[in-house]
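As structure tokens, the structure follows; a few thoughts come after it.
The numbers here are math on the coordinates, done by the rules we state, and not lab data. The structure displayed is predicted, hence computed values, not measured ones.
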Amino acid sequence: MPIRDYKDDLYLSLLRPLVGAYLAFYRVGNRHIQSFGLTPGQFDVIAELEGTEGLTCAKLSENTLTTKGTLTGVLDRLEHRGLIQRGHVGGDRRATRVQLTPKGVDLFQQVFPAHAEFLRPFFSQALSASEVQVAKRLLCRVRDSFEGSLNSSIEAFFDLEKTPNPKRVPSLRGRRKTGAFVDDSS
């Protein structure tokens, strides 16, 4: 197969600006979140729990940008600070429901509006209101393209017909990480 000049590839030329924008947002946003004494994972969990009567750990993992392996530590630290409480889910002893304490609600009401106001100028100086709608739609399409093709790529890679135990191939269908700042509406 001949080597192509990937620097001139129209689609791959999106990689650096996309990742660069994410990294710049991540650095600036995280620094601001940390000024409140929170980690980005803690902030994300608090933002997801606010306005709910609690969520299961599985739902929190699905809705936040925190992996299941990291979520337990995040919840432990939030619980130690008195910001969340864990309880059982009626009818399912394996599931744990997590909810904000009054102290957690107070912290959210202080931190979230301040962080949103901090971020707003970065977006408003770069994009008009109509460009925001277009950007959201396009970014969701790119995300969906990668998520939709992920199962096909896994199946092709492992060639499920030849795999001795197809149950061991992870299925990612229907999983979507949303996080506190991502609007999935198209």
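One table, with the values for the structure above:
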item: Amide H contacts under 5 Å for Arg97, placed H, 5+ residues apart; result: Gly87, His88, Val89
item: Debye equation applied to the C-alpha atoms of region 29-121, log10 I(q)/I(0) at 0.20, 0.23, 0.26 Å⁻¹; result: -0.94, -1.21, -1.49
